[in-house]
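See below for the structure under consideration.
Each reported figure results from applying straightforward, stated rules to the coordinates on display, with no laboratory input. Small disclaimer: the values here were computed from a predicted structure and weren't measured.
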């Protein structure tokens with residue numbers, strides 16, 4: 001029996017994370033699904049981060065922004081539409097090629113901005 005590919009192993013064992021601005025989250029929560037933030041819509045897929053890349057994503061794309069929401073999603077339920085593709089520095093990032101559904105979200109957490117950047121929940125990242 002062949003071992004699963006690295007991306008398949010990642011999908012089976014870890015959460016992936018999506019950062020939304022509060023109004024984006026509120027619209028998503030009310031509608032039950034979303035095509036993502038404006039950058040996601042423009043690119044044609046929903047960008048996610050791993051626990052290892054979420055801080056860098058927040059610093060690069062959301063620097064100084066308050067009222068952010070961090071969503072933890074289980075990639076297992078998205079496996080048919082989730083692709084792990086190289087991005088920053090060749091790191092593999094999960095990209096979802098379908099709308100994100102409210103049922104994909106395992107946990108929603110505020111992501112406040114502190115004096116040294118965004119403050120991630122210690123128990124998650």
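General observations
- CD proxy at 222 nm, helix term only [per DSSP H run n ≥ 4: -39500 (n - 2.57); per residue of the chain; nearest 500]: -7000 deg cm²/dmol
- Shown here is the pair-distance distribution of the chain: with all Cα-Cα distances grouped in 10 Å bins from zero up to the longest one, the shares run 12, 46, 34, 6, 1, 0 percent.
- Taking all Cα pairs closer than 8 Å and separated by 6 or more residues, the relative contact order of segment 6-118 comes to 36 percent.
- If the chain linking residue 65 and residue 43 were pulled fully straight, counting 0.36 nm for each residue of separation and taking away their Cα-Cα distance, it would gain 5.7 nm.
- Rounded to the nearest 10 degrees, the angle from helix 22-31 to the longest Cα principal axis of the chain is 60 degrees.
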